[in-house]
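The values are calculated or read from the model by the stated rules, or taken from the named source; none is laboratory data. All of these numbers come straight from a predicted model, not from anything done at the bench. Virtual Cβ from ideal backbone geometry, glycine too; neighbours counted across all protein chains shown. Ligands, DNA and RNA are excluded from the accessible area calculation, which covers all protein heavy atoms including side chains. Shrake-Rupley method; radii C 1.70, N 1.55, O 1.52, S 1.80 Å.
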Amino acid sequence: MDVQAWTLVIVGLSFALYIGIAIWSKAGSTREFYVASSTVHPVHNGMATAADWMSAASFISMAGLISFMGRDGGVYLMGWTGGYVLLALLLAPYLRKFGKFTVPDFVGDRYYSRSARVVAIVCALFVSFVYVAGQMRGVGIVFSRFLEVNITTGVVVGMSIVFCYAVLGGMKGITYTQVAQYCVLIFAYLVPVIFISLMMTGNPIPQIGFFGEMKDEPGVRLLDKLDGLGQDLGFPAYTSGVRATADIFFITLALMVGTAGLPHIIIRFYTVPSVSKARSSAGWALLFIVILYTTAPAVAVFARTNLLQTVHNTPHTELPPWFHNWERTGLLTFTDKNQDGRVQYYNDTNPAFTPKAEAAGWKGNELRIDRDIIVLANPEIARLPDWVVGLVAAGALAAALSTAAGLLLVISTAVSHDLIKKIVRPDITDKQELLIARVAAGFAVIAAGYFGIRPPGFVAEVVAFAFGLAAASFFPAIVLGIFNKRMNREGAISGMIAGIVFTAAYIIYFKFINPSANTPENWFLHISPEGIGSIGMLLNFAVAITVSWFTPPPPHEIQDLVARIRVPRELDPTA
Amino acid sequence: MASEEKQAAYWIANRRIVFSLLTVWFIASFGCSILFVDELDRVRVFGTPLGFWMAHQGSMWIFLALVFIYVGLMKRLDRKFDLHED
């Protein structure tokens, strides 16, 4: 069997599994549809959360990003895992005790206000739509690269699968497909890396191997070798940092707080049976995420070393087959600037290196590499069997589909529960609400598919927006709602609006109105638009606390509500 | 009322656990891996610069440990105050 046949078989089998789960787990009530009746085992919820969280970007792009950033790539590693500490310690157990269905539910009830609920609905919808468009695009790209169908066909196939289990099963169907998808994606991520780690370092554990010595050159550490290879071509040492400390600090903070404020992650903790299980479930989720996230920097190091060793100054005709395969996809492009038939790959933006390059007769960097190739081409670079390539395709699809489904559920509940049931038509029955939820999920799948086929040009730009907005709106409102009994409606709403307006204005200015000014000299306190959500969050806290001092305290029943969510179980008053 | 005092004491103990664990969280990530990463990189453990290791591995393993320590400490606290669920 060739690569395509293997890919078809493995992807087909994984899809059959997801559809089987969908039929088995059809939801019969809104409680099943929204929170899987709160009966999910904490380990299963941990796996589902990990699959929900790890998107096409985590699976396909992250290792590549790190491999070109070196030590600075730690912003993504820490930013996208550190948020789970905040989630576990500050949010998950209390929201589980609160025990409703959505994030706008908490904001609306805690701040006894329809306006607060509406602000939360708008944020939840915006954040989730931005995210889901990117996932559908990811599905289309994987299909087109591995199965050579066009992107539209790929997106339509992906949409139909998600439609099956999200619309039929709601949270229940999504949870158990996500468990299966986690298993597929982590297996697909680890298998090639373990082989490569064995080949390059002799150690099967990549997390340890990439700090060790090289198999081919005993006594030489892989990281030292990589630092040297890069510096010989004018790049900064891999283990050193380039970006300003303040920027790294605030981007990491914004990613962490944004992670903890993303509605599709928060609602997963409503699905477990108890407060203590919500806590342990956050731990399991982080374990399953950390398995992939600690492997990614090893992938980055192996791939970059391979690339620098095999490609630079090699005649184009003598390059291995994977190079020519991926050149056809346009992810690798070689332009022979000095017409010597060899590939020169070096840092042509480093003025200190220019004399050396000129002396060697090089006329600029001739290789352009898309960062996605680091994971996608990994099995071929390591000459692994064809079925491994099919496995990576199935893993990437699992990552994209699982995240898309979680987001679609947030969109459908925001419409059927938060908007229709809580604001527009409170008198509808459970059956009617369930039907509206299904219809809303159906429309959301179609809208997401449309954006996947015709992506608005600004998708990449607005992902920073999603995190910044989640950081500047939900996180402070929820934390204050739990930890500050005195926090009232006026404080929370003005805080959220201040945070959102500031963050949105900063990002819109630098990304859309005046992109040419988007340079470190013009940034506020040297903070890039990616990190500005941190400042928006601090502003939200400051405004909310100040306003709440000058306005009346929340009513008694709200203070009682806060007292109740702070304890796992009510005390018997007679005891 | 006794149960209210008990709840208040539980909340104070709960906050103490949360804030001490978040202090470690801050030191591991923002301290060791960002603010003082260059200083730590001068220290080499088994030949690896320590700051780089913290940024690419250590901080994530510390996060994981923190959450499980939190789960354990809270389980004990719930029992001590007779607020456990099962």
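Within a straight-line Cα-Cα reach of under 16 Å, A:Lys215 can be paired with the following aspartates and glutamates, leaving aside sequence neighbours fewer than 8 residues apart in one chain: A:Asp224. Value of Rg to Rh for the range A:287-402, rounded to two decimals, is 1.04; Kirkwood radius and Rg both from alpha-carbon coordinates. Across the range B:11-80, Cα-Cα distances exceeding 17 Å account for 49% of all pairs. Count neighbours as other Cβ atoms within 10 Å of each site's Cβ, and list the trypsin sites (Lys or Arg not before Pro) in the range A:367-435 that are DSSP loop with at most 13 such neighbours. Answer in residue order: A:Arg383.
Computed over chain A, relative contact order equals 28 percent, with contacts defined as Cα pairs under 8 Å that lie 6+ residues apart. In this structure, the amide hydrogen of A:Thr102, modeled 1.01 Å from its nitrogen in the peptide plane, lies closer than 5 angstrom to no residue at least 5 positions away or on a different chain.
Normalised by 2.2 N^0.38 Å, with N the number of residues, the alpha-carbon radius of gyration of the range A:109-213 equals 1.57. Taking +1 at the Cβ of each Lys and Arg and -1 at the Cβ of each Asp and Glu, which of B:Ala28, B:Ala55, B:Leu66 sits farthest along the dipole of the range B:11-80 towards its positive end, judged by Cα position relative to the Cα centre? It is B:Leu66, whose Cα lies furthest towards the positive end. In the range B:1-63, what trypsin sites (Lys or Arg not before Pro) fall in a loop by DSSP, with at most 15 other Cβ atoms inside 10 Å? Answer by residue number: B:Arg42. Exposed loop positions in chain A were taken to be GluC sites (Glu not before Pro) whose DSSP state is not H, G, I, E or B and which have at most 13 other beta-carbon atoms within 10 angstrom. Between these positions, the longest stretch is A:149-569. Solvent-accessible area per residue in chain A equals 35 Å², computed with a 1.4 angstrom probe and all protein chains kept. Histogrammed with a bin width of 20 Å, the alpha carbon distances of chain A distribute as 20, 52, 24, 3, 0 percent, first bin at zero.
Taking amide H atoms as placed 1.01 Å from N in the peptide plane, the amide H of A:Asn313 lies under 5 Å from those of A:Val343, A:Gln344, A:Tyr345, each 5 or more residues away in sequence or on another chain.
Summarising the overall dimensions of the range A:204-315 from its C-alpha atoms, the Rg and Dmax are 19.6, 63 angstrom. Here chain A exposes an accessible surface that is 64 percent carbon and sulfur, computed with a 1.4 Å probe and the other protein chains kept in place. Sparse packing (at most 11 other Cβ atoms within 10 Å of the Cβ) combined with a DSSP loop state is found for none of the chymotrypsin sites (Phe, Trp or Tyr not before Pro) in the range A:281-367.
Taking the convex hull of the alpha carbon positions in the range A:272-323 and averaging its projected area over all directions gives 5.0 nm². Farthest toward the positive end of the dipole of chain A, out of A:Gly138, A:Ala472, A:Tyr112, is the Cα of A:Tyr112, where the dipole comes from beta carbon charges about the Cα centre. Between the listed residues A:Thr403, A:Gly212, A:Phe334, the Cα displaced farthest toward the positive end of the dipole of the protein assembly as shown, a dipole computed from Cβ unit charges relative to the Cα centre, is found at A:Thr403. Taking amide H as placed 1.01 Å from N in the peptide plane, A:Ser240 has its amide H under 5 Å from the amide H of A:Arg71, each at least 5 places away in sequence or on another chain. The magnitude of the dipole of the protein assembly as shown, with charges of +1 and -1 set on the Cβ of Lys/Arg and Asp/Glu and taken from the Cα centre, is near 1680 debye. Helices of chain A meeting both criteria, an alpha-carbon length of 20 angstrom or more along the long axis and an average Kyte-Doolittle score not below 0.0, with helices taken as full DSSP H segments, are A:3-24, A:114-147, A:151-201, A:245-260, A:275-311, A:386-413, A:430-453, A:489-508, A:532-549. Between the chain alone and the structure with every protein chain in place, find the residues of the range B:69-86 that drop at least 40 Å² of accessible area; heavy atoms, 1.4 Å probe. Residues losing area: B:Tyr70, B:Val71, B:Leu83, B:Glu85. Would you mind classifying the range A:345-427 by shape? Square roots of the alpha carbon gyration tensor eigenvalues, ordered a ≥ b ≥ c; an a/c under 1.5 is rounded, otherwise it is prolate if a/b is larger than b/c and oblate if not. The shape class here is oblate. Here's the list of lysines a cross-link from A:Lys485 could span, going by alpha-carbon distance under 30 Å and ignoring same-chain residues fewer than 8 apart: A:Lys97, A:Lys100, A:Lys277, A:Lys421, A:Lys422, B:Lys6, B:Lys75, B:Lys80.
Computed over protein heavy atoms with a 1.4 Å probe, the carbon and sulfur contribution to the accessible area of the range B:11-80 reaches 70%. Using Cα pairs under 8 angstrom and six or more residues apart, how large is the relative contact order of the range B:11-80, in percent? Normalised by residue count, the contact order of the range B:11-80 is 35 percent. Here the simple spin-label model places points 7 Å from the Cα toward Cβ, and for B:Ala13 and B:Phe26 these points are separated by 2.5 nm.
Per-residue ellipticity at 222 nm from helix content only, as computed over chain B with -39500 (n - 2.57) for each DSSP H run of at least four residues, stands at -21000 deg cm²/dmol. Compared with the dominant principal axis of the Cα atoms in chain B, helix B:59-80 is inclined by about 10°. Counting only residues at least eight positions apart within a chain, or on another chain, the aspartates and glutamates with an alpha carbon under 16 Å from that of A:Lys511 are A:Glu461, A:Glu521, A:Glu530.
Summed over both chains, the area buried between B and A is near 4500 Å², taken from the accessible surface of protein heavy atoms with a 1.4 Å probe. Accessible surface for A:Asp232 stands near 100 Å², nearest 10, in the context of the full protein assembly shown (1.4 Å probe).
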